[in-house]
1. Ordering 38, 240 by how much accessible area each has at a 1.4 Å probe, largest first, what is the list?
2. So how do 191, 231, 209 rank on accessible area, 1.4 Å probe, biggest first, that is with the largest at the start?
3. Students sometimes get this wrong: rank 265, 271 by accessible area, probe 1.4 Å, all chains present, largest first.
Amino acid sequence: MSAKASSGMKRRLVSSWISTVISISLVLLLVGVASLLLVNARKVSDYVKENMQISVMLVQEASDQDAEKLAASLGEIPGIKGTRVVSREEGIDEMASMLGRDFLDVFQEAPIPVSIDLNLEAAYVGADSIAVVSSAVQKSPLVEEVVYQTSLVEALNANIEKISVVIAVLIALLLFVSVVLIANTVRLNVFAKRFVIHTMQQVGATRSFIRSPFVLQSAFQGTFAALIAIFMLLGGLFVLRSEFSQLFAMFPRNLLLLTMGIMVCAGILICTVSTWIVVTKVLGYDKDRLYSEY
């Protein structure tokens, strides 16, 4: 074989190896995104629930200092995650932004009381649990009314359940497509070397001896492709962090590491298993079938 032909073959092999790794990396990126959603599904649900606010309206005579003391005591009630005092001035500004400043002209004194916004723990965002928390809050003589919409709470829980089912189905489809794409990519890569495999059989090499280099190379490809996919995923999360910092906070480091581990394991497992199956299949071909099947 001439040096020129040998160089051309090497370039084709390198090109084939790079294209295979890139294809697997893109598919593993889908696996990573699906895994990230899967391991953080509970976090996303809790984030939505814990950002729902309940308004505690105080009596007109209550001052900001009274509200601060009450907020501190309310924080000790089981189920309440956080409190925020909304001063009379803040309440007036919020109302004015909705109704306009002219609405105050009809009153001698602004009828907006001091209020406290409550955020509940995710487990307590349910009609029954909120009713229990509301009863505990209303025991204070400073509390005029606890405002929340039962229908909104029920709709929130119902929609989260529906969204969770939809996400689970999408993740299952993504993982299925990912496995099929990686398996086909590996199959084409191995099948292109079917004549090399047949030649090794002709000189007396055992099946395990023939399979070993293909499986090891496939494991390396899967690992390298997973690392590339992880860097792409981290790049996407970095952009997400700069644009949506609160949303990024839902992805704790331990779950992110778990996602990376899933991507590496998926890359190695799918590539090696696919390669083992394809090589074993090619080992059973006769000479005529090597030319007829593709």
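The values are calculated or read from the model by the stated rules, or taken from the named source; none is laboratory data. Small disclaimer: the values here were computed from a predicted structure and weren't measured. Calculation scope for accessible area: heavy atoms of the full protein, side chains included, ligands and nucleic acids excluded. Shrake-Rupley method; radii C 1.70, N 1.55, O 1.52, S 1.80 Å.
1. Details: 38 105, 240 40 Å².
Sorted descending by solvent-accessible area, the residues read 38, 240.
2. Numbers: 191 5, 231 150, 209 130 Å².
Putting 191, 231, 209 in descending order of accessible area: 231, 209, 191.
3. Putting 265, 271 in descending order of accessible area: 265, 271.
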